[in-house]
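Where a number appears in this text, it was derived from the coordinates with a stated rule and is not lab data. Quantities reported herein were computed from a predicted structural model and do not represent experimental measurements. Backbone-built Cβ (ideal geometry, glycine too); neighbour counts: all protein chains shown.
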Protein chains: 2
Amino acid sequence: MDRVVPGLLLAGFWLLLLFKGSALLFSVVILAVIFMAANEYLRMAAAGLIGKKERYFLNLVLMFPALAVTINSTQQYLAPALLASFFVLTGYFLYRYAKFEQPYAFFARLLFGVFYIGFLSSYLLLVRALPDGNYWLIVASAITAGADSGGYFVGCSIGKHKLCPNVSPKKTIEGALGGLVFALIAAFVGAHFLLPEVSPWFLALGTVVLTAAGVAGDLTESIIKRGTGTKDSGTCLGGHGGILDRIDSLLFALPVLYTVLTF
Amino acid sequence: MDRVVPGLLLAGFWLLLLFKGSALLFSVVILAVIFMAANEYLRMAAAGLIGKKERYFLNLVLMFPALAVTINSTQQYLAPALLASFFVLTGYFLYRYAKFEQPYAFFARLLFGVFYIGFLSSYLLLVRALPDGNYWLIVASAITAGADSGGYFVGCSIGKHKLCPNVSPKKTIEGALGGLVFALIAAFVGAHFLLPEVSPWFLALGTVVLTAAGVAGDLTESIIKRGTGTKDSGTCLGGHGGILDRIDSLLFALPVLYTVLTF
């Protein structure tokens, strides 16, 4: 039960923000979420290596791509922002070189974070800035939430064949397929009300792709956790673990959605 | 002497390519150079972890940003290409998970390579596509070559104070300042003939920034070499080490130049 109540509260807040919130409020909330996600990532990737002040500094550098999208709601400044992250991190490592035993390994982990947090999360803001972007975000969230919960319930009840046992031992093929069915239902119900002009074929194909991207995002977070010896990325959401545990699927699904919708 | 002759040959080939070569020939040569640079990087970063076939595959994935710029000579497709690199690498690691002892660490090294080789090198093509891009490339090469050789000769003759002893023990502050003087001479001579309309202040400031970026690029390559226990990145250019040893300064200087010229 400790999953259900905070889950419903989060979903309610998310819907309220997307239906009634302004673009500005959305940006503020999302930047706060990205800040927390980057902080969780750095707690894993930089555990024991840096102090609090330095973590906040690096957190900011990881967020450059998201900040660039806040200034200009297109992909235009993304490449310069990624360059800026890379160059500032380079300067940081040249300056701090003597302090770290393995600067290259730590440098690489931080660049992973620039990709994983800063770059992917900026698509939350990019999708919101599209026409009907708030509706697309609701449908995409419904898809990943449907895939997550469907995967959980079906996997727990009839799951037998492991999907990717070395990465995430609990995931089963039955769960993934159950998740896809739930995701399709969520997508068609959501789009029926919010995006009635979208063709059912596009929706069905899109749901398969977003569900697969979401599973990949979920597994990638498992790789990071195992690589850094962490269990939950954070504890701020009770039974839901950390912010990253909540958004890991969306982080992968939204860049795909945005690229498909704008290409 | 084994540095001078191949150095002159390379410089002659580079000038011929930029003055007389078509944009298409330039792209073909640069893609070949990037392929070799990516290969050198992977030899360092993936030493002992993967076979030859897998290295070629990963080499291609690292080159996505450069390939995107070959298709469209603006930054427009850079963000989608970086996403594609990230997602293909994710799929690769999920598929190969059981094979690697530390998939997250290796994953991070490859993403470093996407930034360091694929992303930065694509600015070689982007600068070439600007108006007078070939002239800008010649002036930028003259600046980094001036800084490199000036740094080498001045550093060897009167260098005393170490610049960054833990990263690169041979570099001295005297060498860096000598390099800057040589770079300024190279910049003003080059621009006098090729880009006479550029203001001297822009040129002087730009030379300082490009020289600094070049030194940072040089030191970053040292960090990678030390982190992977490599001496020279390759041996294909005789006394000049590998391709990466030759282009490490330009890799950092050109993105800065492009961003300044287009922002």
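A few remarks follow.
- Exposure proxy ranking, count of Cβ atoms within 10 Å, fewest first, for A:226, B:96: B:96, A:226
- Distance between segment A:190-222 and segment A:124-170 - C-alpha centres, whole angstrom: 8
- Sequence-distant residues sharing a close amide H with residue A:132 (under 5 Å, placed H): none
- Other protein chain Cβ atoms within 10 Å, averaged over every residue that makes up B:113-123: 3
- Lysine pairs within chain B, Cα separation less than 27 Å, 8 or more sequence positions apart or different chains: 19
- Amide H contacts under 5 Å for residue B:172, placed H, 5+ residues apart: B:163
- The alpha carbon gyration tensor of chain A gives principal lengths a ≥ b ≥ c with a/c of 1.5 or higher and a/b no greater than b/c, which makes the shape oblate.
- Within 10 Å of the Cβ of each residue in B:5-17, the mean number of Cβ atoms contributed by other protein chains is 0.
- Order of A:138, A:158 - criterion: other Cβ atoms within 10 Å of each residue's Cβ, fewest first: A:158, A:138
- Peptide B:215-228 - average C-beta neighbours from other chains (10 Å radius): 4
- Computed over the protein assembly as shown, Kirkwood Rh from alpha-carbon pairs, angstrom: 24.4
- Along chain A, the longest continuous region that contains none of the GluC sites (Glu not before Pro) in a DSSP loop with at most 13 other C-beta atoms within 10 Å is A:1-100.
- For segment A:154-162, backbone phi angles converted through the Karplus equation (6.51, -1.76, 1.60; θ = phi - 60°) give residue-by-residue couplings of 5, x, 5, 7, 10, x, 10, 8, 5 Hz, Gly and Pro being listed as x.
- Taking other C-beta atoms within 10 Å as the exposure proxy, B:31, A:210, A:254, B:205 rank B:205, B:31, A:210, A:254 from fewest upward.
- Distance (nanometres) between label positions extended 7 Å along Cα→Cβ at residue B:13 and residue A:23: 5.0
- Spacing of the two label points (7 Å from each Cα toward its C-beta) at residue A:55 and residue A:96, in nm: 1.2
- Across chain B, C-alpha contacts under 8 Å between residues 6 or more apart give a mean separation that, scaled by the residue count, equals a relative contact order of 21 percent.
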